[in-house]
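Remarks on the structure that follows.
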Amino acid sequence: MPDRTDFYRRLNINTGASEEAIKKAYRLAVRKAHPDVNKSEGATQLFLDIQEAYKILSDPNQKGNYDDGRDPHDSSSGILTSLQYSQTALLRIKEPQIIYSLVDIVSTKDEEQKSADLPLNISLVLDNSTSMKGPRLDILRAATKEIINDLGKDDLVSVVSFNDRAKVLLPSQSQPSEIQIETALNNLYAEGGTEIFQGIEAGYEEIRKHPTLNYVNHIILITDGHTYGDEDNCFDLANNAADQDIGISGLGIGIEWNDEFVDQLCALTGGQSLFIHDLEQVKEFLEHSIASLKEAFSRRLTLEVIPAPGIMMLSAFRILPEAIPLPLQEKYSLGILKKHQPHRVLFEFLVDPVPEKIDRVVIASGEYVIKKKIRDQNIPFTLERMMDSDPESLEPPAPEIFKAISHLTFYRLQEKAQRDIASGNPGTAYQRLLNLSSHLMAKGEDALAKIAMNEANYIKSHNNFSPTGKKQLKYGTMRLLLPDNI
Amino acid sequence: MITCRVCNNQEYQGILFCGECGSQLAFVTDQRVDTLVYPNQNRGLEVDFTQTIPKKLLEESTFILYSTERDEVIEIPEQNEFTIGRFVEGQVITPDVDLNHYEAYDMGISRLHATIRINSKKNKVFVIDLGSANGSSVNGYEIPANSEVPLNHGDVLSLGKFKMKVILPKDMK
């Protein structure tokens, strides 16, 4: 551990000096020590020492680390990042080329022990439109009740139901009594249409009753329908929610719900959307969601990636903790960072031909921000590769990234088949799903291969996807992206 | 660019899997990772035509179109560019190759369906769909209208429902 007063001594000031005082002291010290003025032996070293001290103390984040007794040079202390590439080097060729990069971030055990667990602030937003009538609502009621009873004593929970209007059944609180839960859920009955915005807005307001800084905040949306006309309002709200460290995840029941919309909505906050076929899985989904939120190390992780000039980001896909395609943008809200579990994103970049003189290419620069209770932690990284003119000297990609790209290809094939259907080419969609099926079969994914095959045949006779097949294939190939198919 | 061996799709250097058909493009030797997988159902039509195609034709020509259903060579003119279609009485522009002999109407072949362009020096052949009503495909993949699509030895070219095997004798060895 570095001496905590050393840097301050170098600038000849006391610990706890203000920003202004540090700046002043630096100017004074530099003037005295500059090698042009100070000809004595060791002056250069002295000058460098002052520079180093100022560099750390003038940066609030690094200063914070230094004041806390952590190594100031390692601003990422306690957090590890790992960068993998699809190629050991970029090829010196006169045409554009593609490179993939797998970016991981994980917290170390030491770091986790230092920070206390954050309690949850959950809002369950439940669709009670007419279509939910009968077994769907019964199962939802039972699952909700169990989930609430399982929450810890500091956790907050609220329940909102929505059709074309929202109703707060259970206002945000910790440990509601048996009677309160019972009364709330008795008010959950089916009527009206589906307007998702009404629901998530009410859930959002419930969560915001408590300072979001002190909790892991999350809206869990359960729906079985399409929302019409309020999509943009929903996206705006999701962006607002993300800015305030509130995540959204969604569960679609049955075949009617709009998966593309819910995917997009959740992805804005780094949350996940899931499709269940079997009603009994509702409880499993809720339990899984809560359990995974409980593992939060940070209530929110953001990632900014800026490609260098001449380089374009073609796609970004988050692989861990949940597989979701990310919208193309520079700044991502990635939801919570879990303990012991890496957060992993796969990027695809298109690199323009590189000028002769350049040997080392910066592909993109990025920064993670880990939101923590006391202070945010910034972790910068740079994606870069050397140039190589001999394609033979390149080593094959590492298994991990190769597998990720292979599985991404499957996801893309079903996506393209959907586009084929949309643009009126069922023949191409049929062929594509046959290919997908044979690739899946070769990878030992027999169940999914069979679904793809059935879907191909369905398309052959109906010129369209079957109602469930489309969602099964999409979420099935997405799930493959998780390492070891968690 | 890399050309996919299965579906002729062009991909950027560095791409590991064909975006159109999912075939692996880069060869990865690492046994732990994966094996090369090429779907074969879209090519299909693997036939032994050494008996049915005259030896002389195999030795001399750059490009042969072969009907697998009839097991015969489709007659094409000896020129570097020609059109394929279905001749109809009173038609102003007639196709160079008329497929009426192969039940062209039932097969959904347009009057002027496609153009074939041959570069004998480079041993390259291209097909251009002329905006046909039922479209064309190569190895089961619909091709865009009015653009050059390369044909490789062994490809299956379909005009409407009519399937032909592409044979490039110089690529056979």
Does region B:83-91 contain any residue that is surrounded by fewer than 21 Cβ atoms within 10 Å (Cβ to Cβ), under 27 Å from A:ARG432 (Cα atoms) and within 15 Å of the chain's Cα centre (by Cα)? no
Condition check for A:SER131: open to solvent by less than 10 Å² (accessible area, probe 1.4 Å) and either farther than 30 Å from A:ILE374 by Cα or assigned to a strand (DSSP E or B) (or both): no
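So, A:ILE358, is that one at pLDDT below 90, part of a strand (DSSP E or B) and hydrophobic (A, V, I, L, M, F, W, C) or not? Working first, answer last.
On the way: at pLDDT below 90: yes; part of a strand (DSSP E or B): no; hydrophobic (A, V, I, L, M, F, W, C): yes.
In short, no.
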Counting only residues that are on the phi > 0 side of the Ramachandran plot and either more than 8 Å from chain A (Cβ to nearest Cβ) or modelled with pLDDT under 65 (or both), how many does region B:1-33 have? 1
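Quick one: which of A:SER466, A:SER461 is more than 14 Å from chain B (Cβ to nearest Cβ), assigned to a loop (DSSP other than H, G, I, E, B) and among the polar types (S, T, N, Q)? Step through it out loud before you land on a result.
Values: A:SER461 fails: assigned to a loop (DSSP other than H, G, I, E, B).
Only one candidate passes the filter, namely A:SER466.
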Which numbered condition in (1) assigned to a helix (DSSP H, G or I); (2) away from every other protein chain (no Cβ under 14 Å); (3) modelled with pLDDT of 90 or more is the only one that A:LEU473 fails? (2)
Residue match in region A:145-155 (condition: more than 30 Å from A:SER389 (Cβ to Cβ), open to solvent by 50 Å² or more (accessible area, probe 1.4 Å) and small (Gly, Ala, Ser)): no
Subset of region A:140-160, residues over 27 Å from the mean Cα position of the chain (by Cα) and without any contact (Cβ under 8 Å) to a residue 60 or more places away in the chain, comes to A:ARG141, A:LYS145, A:ASN149, A:LYS153
Just the residues that are among the β-branched types (Val, Ile, Thr) and farther than 15 Å from A:LEU274 by Cα, please, taken from region A:229-262. A:ILE246
For A:THR44, are the conditions met, namely being out of contact with any Ser or Thr (no Cβ under 7 Å at 6 or more places or on another chain), among the polar types (S, T, N, Q) and modelled with pLDDT under 80? yes
Could you pull out the residue among A:PRO353, A:PRO325, A:PRO397 that is within 14 Å of chain B (Cβ to nearest Cβ), open to solvent by less than 60 Å² (accessible area, probe 1.4 Å) and either closer than 29 Å to A:PRO211 by Cβ or not in a helix (DSSP H, G or I) (or both)? A:PRO397
If we ask which residues in region A:400-422 are farther than 19 Å from A:PHE347 by Cβ, open to solvent by 20 Å² or more (accessible area, probe 1.4 Å) and facing another protein chain (nearest Cβ under 10 Å), their number turns out to be 1
Number of the condition not met by A:ASP71 [criteria: (1) surrounded by fewer than 16 Cβ atoms within 10 Å (Cβ to Cβ); (2) modelled with pLDDT of 85 or more; (3) away from chain B (no Cβ under 14 Å); (4) outside any strand (DSSP E or B)]: (2)
Going through region A:455-484 one residue at a time, which ones are of a type in the set (S, T, N, Q) and either surrounded by 20 or more Cβ atoms within 10 Å (Cβ to Cβ) or in contact (Cβ under 8 Å) with a residue 60 or more places away in the chain (or both)? A:THR468, A:GLN472, A:THR477
I need a count of the residues in region A:156-201 that are in a loop (DSSP other than H, G, I, E, B) and either open to solvent by 70 Å² or more (accessible area, probe 1.4 Å) or closer than 30 Å to A:GLU231 by Cβ (or both). 13
Please work out if A:ARG92 is out of contact with any Phe, Trp or Tyr (no Cβ under 9 Å at 6 or more places or on another chain), within 27 Å of A:PRO176 (Cβ to Cβ) and touching a residue at least 60 places away in the same chain (Cβ under 8 Å). no
Only one residue in A:ALA447, A:ALA429, A:ALA452 is more than 18 Å from B:CYS18 (Cβ to Cβ) and not in a loop (DSSP other than H, G, I, E, B). Which one? A:ALA447
How many residues does region A:233-246 hold that are open to solvent by 10 Å² or more (accessible area, probe 1.4 Å) and at negative phi? 8
Looking only at region A:275-285, filter to residues that are in a helix (DSSP H, G or I) and without any contact (Cβ under 8 Å) to a residue 24 or more places away in the chain; which one of those is least open to solvent (accessible area, probe 1.4 Å)? A:GLN281
Tally, over region A:83-102, of residues that are under 23 Å from the mean Cα position of the chain (by Cα) and either open to solvent by less than 20 Å² (accessible area, probe 1.4 Å) or away from chain B (no Cβ under 11 Å) (or both): 7
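Using the structure shown, decide if B:ASP96 is surrounded by fewer than 17 Cβ atoms within 10 Å (Cβ to Cβ), more than 14 Å from chain A (Cβ to nearest Cβ), over 20 Å from B:ASN80 (Cα atoms) and not basic (Lys, Arg). Let's see the steps before the verdict.
Values: surrounded by fewer than 17 Cβ atoms within 10 Å (Cβ to Cβ): yes; more than 14 Å from chain A (Cβ to nearest Cβ): yes; over 20 Å from B:ASN80 (Cα atoms): no; not basic (Lys, Arg): yes.
No; evaluated as a whole, the condition is false for this residue.
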Would you point out the residue of region A:286-322, among those that are free of Cβ contacts under 8 Å to residues at least 60 places away in the same chain and in contact with a Leu (Cβ under 6 Å, 6 or more places away or on another chain), that is surrounded by the fewest Cβ atoms within 10 Å (Cβ to Cβ)? A:MET312
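The values are calculated or read from the model by the stated rules, or taken from the named source; none is laboratory data. Being a predicted model, the structure only gives us computed values, none of them experimental. Here the Cβ is made from the backbone with ideal geometry for all residues, glycine too, and neighbour counts use every protein chain on show. Surface areas here come from the heavy atoms of the whole protein model, side chains and all, with no ligands, DNA or RNA. Shrake-Rupley method; radii C 1.70, N 1.55, O 1.52, S 1.80 Å.
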